[in-house]
Amino acid sequence: WIKKSISPEQMHMVKNLGEPGLKFGSREIRLYPNGRFAAHVLGGTTFGEQGVNEAETSIIGEAGIEFTFEGYLSKSENKALALSIDIPIQSIIEKVLENGIHVMNAKGGSAVLMDVNNGQILALTSLPDFDPNFRPRAIIKGDPSASPLFNRAAQGLYELGSTLKIFTAAQALDENLASVDTTINIKGPMSLGRFRVTDHHYLGEELTLSDVIVRSSNIGTARIAGMIGGPQQKRFLKKFGLLDVTGVELPEASRAAPQFPKRWSKISTATISYGHGISITPLHLASAYCAIVNGGRRVLPTLIKSNESRSSSAIISHDTSIKLQNMLRDVVKTGTAKGANLIDYEIGGKTGTAEKVNFDKPGYIKDKVITTFAAAFPMSQPKYVLVVTLDEPEDWSTDKPERTAGWTAVPVATEIVRRIAPVLGLEPDSMPTGRKTASARANLFQGEE
């Protein structure tokens with residue numbers, strides 16, 4: 001076999017050589033007419049093994065859905081495999097995220113949109129991406145995230161910062177350790193041996209539990225975690241699926257087991273309460289947030305379209321879920337995500353900014369962060385969770401670089417919601433309580449409708 005595939009024009013030229021020793025064999029190929037669209041979901045294929053006398057006509061899934069369902073897809077008598085991906089929604093999110101990465105000077109990013117009631121993934125995007133028709137070679141050495149093949153949404157393990165604070169509040173409320181109005185001491189710094197917990201800004205000396213989340217106090221969250229205790233915290237996070245693989249139908253995700261300390265010490269309990277010392281994927285976070293806002297039922301993420309819900313029994317009470325929904329809404333109205341306070345659609349969510357872990361050696365990279373906004377909408381009756389994560393963003397719209405999630409991930413996620421909400425059939429809020437985002441930020445995404 002001289003060449004694995006040739007075009008009709010090349011075949012015609014070879015025939016015109018008149019060489020009787022050259023023959024042609026037919027083989028199956030799979031084309032991706034939409035190019036890079038949903039590349040990390042589809043994955044791509046390669047040819048079967050090729051011998052001296054014959055070549056397998058079948059194609060083999062190399063990654064993504066193509067790999068997971070290779071056996072099913074290779075049987076022509078089977079029905080088409082219907083995915084939960086919504087083509088218009090996926091397309092919009094890819095375009096807005098790509099532009100947002102450019103505007104925020106980020107290295108890359110991801111976005112996941114899930115139905116909170118059945119776990120179906122309507123969009124899953126990782127950028128930079130690739131064209132499955134011309135799948136690049138995998139990186140053998142170095143940081144795997146440097147490759148466009150790397151799936152940041154379902155494969156990338158990151159410390160997602162303050163987005164995890166909502167689970168600390170959830171446990172305190174659900175186990176009756178505190179109410180939303182319980183006063184929490186946030187006087188700092190908080191000392192744990194030689195380790196000190198501090199807040200990004202001075203927030204006073206005490207806050208209610210609700211305001212600890214709204215104003216994103218590390219000290220307050222750590223003190224709540226101290227009330228809970230390490231073993232109980234670990235058990236609670238496991239109920240949300242934050243300590244196990246997601247189970248989504250992607251081979252890359254099966255290797256993305258969350259990373260956390262083997263010894264769950266008091267310091268670990270404190271740092272994990274505000275999203276440090278534990279690394280999960282954005283898909284983990286999206287799935288867990290579904291349970292936070294859907295009334296308390298855990299749903300399992302899936303890429304397969306089905307009328308059946310992949311949900312389990314309640315892991316927190318409906319009452320707790322309502323209280324958490326109100327907190328997430330207040331984060332947008334008066335807290336760290338005010339830029340998401342759209343006039344037409346009520347968004348709730350939590351920001352997270354975490355120093356980036358150094359790939360080459362232990363520790364963190366100075367001035368390099370992962371920013372995340374975990375959003376739910378519409379908050380009157382949450383239907384969708386959107387998680388947007390940016391890698392090493394820097395907003396230079398002011399006189400100094402802004403790296404926090406409120407400046408970077410929030411405007412990107414907000415623009416996504418603004419564009420996909422009408423496509424999802426969501427009616428604009430008849431009694432708006434929000435405001436339009438700053439015109440300067442809205443203009444960042446013009447020309448990408």
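The values are calculated or read from the model by the stated rules, or taken from the named source; none is laboratory data. Everything numeric here is computed off the predicted structure, so don't read it as measured data. We place every Cβ from the backbone using ideal geometry, glycine too, and count neighbours over all the protein chains shown. With ligands, DNA and RNA removed, areas are computed over all heavy atoms of the protein, side chains included. Shrake-Rupley method; radii C 1.70, N 1.55, O 1.52, S 1.80 Å.
Quick notes on this structure:
- None of 4, 75, 79 is at pLDDT below 95 and more than 27 Å from residue 301 (Cα to Cα) except 4.
- Test: residue in region 154-166 that is of a type outside the set (A, V, I, L, M, F, W, C), open to solvent by 10 Å² or more (accessible area, probe 1.4 Å) and more than 18 Å from the chain's Cα centre (by Cα): no
Residues are listed down the side, and each one gets a yes or a no for (1) open to solvent by 50 Å² or more (accessible area, probe 1.4 Å); (2) among the acidic types (Asp, Glu):
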site: 346; (1), (2): no, yes
site: 351; (1), (2): no, no
site: 360; (1), (2): yes, yes
site: 366; (1), (2): yes, no
site: 369; (1), (2): no, no
site: 373; (1), (2): no, no
site: 379; (1), (2): no, no
site: 384; (1), (2): no, no
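- Residues that are exposed (fewer than 13 other Cβ atoms within 10 Å of the Cβ) and not in a helix (DSSP H, G or I) were ranked within region 408-427; the one that is modelled with the lowest pLDDT is 427.
- Filtered residues of region 169-179 (kept if closer than 13 Å to residue 220 by Cβ and open to solvent by 10 Å² or more (accessible area, probe 1.4 Å)): 178
- Condition check for residue 174: modelled with pLDDT of 95 or more, in contact with a Leu (Cβ under 8 Å, 6 or more places away or on another chain) and of a type in the set (Asp, Glu): no
- Conditions (1) open to solvent by 40 Å² or more (accessible area, probe 1.4 Å); (2) in a loop (DSSP other than H, G, I, E, B); (3) out of contact with any helix residue (DSSP H, G or I) (no Cβ under 6 Å at 6 or more places or on another chain): number failed by residue 106: (1)
- Among the residues of region 284-301, those identified as over 17 Å from residue 152 (Cα atoms) and either out of contact with any strand residue (DSSP E or B) (no Cβ under 6 Å at 6 or more places or on another chain) or open to solvent by less than 10 Å² (accessible area, probe 1.4 Å) (or both) are 288, 289, 290, 291, 292, 293, 294, 295, 296, 299, 300.
- Test: residue in region 85-96 that is touching an Asp or Glu at 6+ places or on another chain (Cβ under 9 Å), under 26 Å from residue 381 (Cα atoms), in a loop (DSSP other than H, G, I, E, B) and open to solvent by less than 30 Å² (accessible area, probe 1.4 Å): no
- From 328, 342, residue being assigned to a loop (DSSP other than H, G, I, E, B) and either open to solvent by 10 Å² or more (accessible area, probe 1.4 Å) or within 20 Å of residue 389 (Cβ to Cβ) (or both): 342
- Checked against the criterion of being of a type in the set (Phe, Trp, Tyr), touching a helix residue (DSSP H, G or I) at 6+ places or on another chain (Cβ under 9 Å) and over 18 Å from residue 218 (Cβ atoms), the candidates 274, 289 yield just one match: 289.
- Odd one out for residue 194 among (1) without any contact (Cβ under 8 Å) to a residue 40 or more places away in the chain; (2) touching a helix residue (DSSP H, G or I) at 6+ places or on another chain (Cβ under 9 Å); (3) more than 20 Å from residue 38 (Cα to Cα): (2)
- Note on region 212-246: residues that are closer than 23 Å to residue 330 by Cα and open to solvent by 60 Å² or more (accessible area, probe 1.4 Å) amount to 2.
- When region 120-144 is filtered for residues that are of a type in the set (Gly, Ala, Ser) and either at pLDDT 95 or above or surrounded by 21 or more Cβ atoms within 10 Å (Cβ to Cβ) (or both), the ones remaining, listed by number, are 123, 126.
- Test for residue 117: is it open to solvent by 30 Å² or more (accessible area, probe 1.4 Å) and under 21 Å from the mean Cα position of the chain (by Cα): yes
- Matching entry among 270, 291 (being in a helix (DSSP H, G or I), among the hydrophobic types (A, V, I, L, M, F, W, C) and within 12 Å of residue 240 (Cα to Cα)): 291
- In region 1-34, of all residues being in contact with a helix residue (DSSP H, G or I) (Cβ under 7 Å, 6 or more places away or on another chain) and in contact (Cβ under 8 Å) with a residue 40 or more places away in the chain, the one that is most open to solvent (accessible area, probe 1.4 Å) corresponds to 31.
Each row is one residue, and each column tells you yes or no for (1) closer than 12 Å to residue 337 by Cβ; (2) touching a helix residue (DSSP H, G or I) at 6+ places or on another chain (Cβ under 7 Å).
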| position | (1), (2) |
| --- | --- |
| 381 | no, no |
| 384 | no, no |
| 404 | yes, no |
| 415 | no, yes |
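- If the condition is being over 24 Å from residue 83 (Cβ atoms) and not aliphatic (A, V, I, L, M), then region 293-328 contributes 295, 296, 313, 317, 318, 319, 320, 321, 323, 325, 326.
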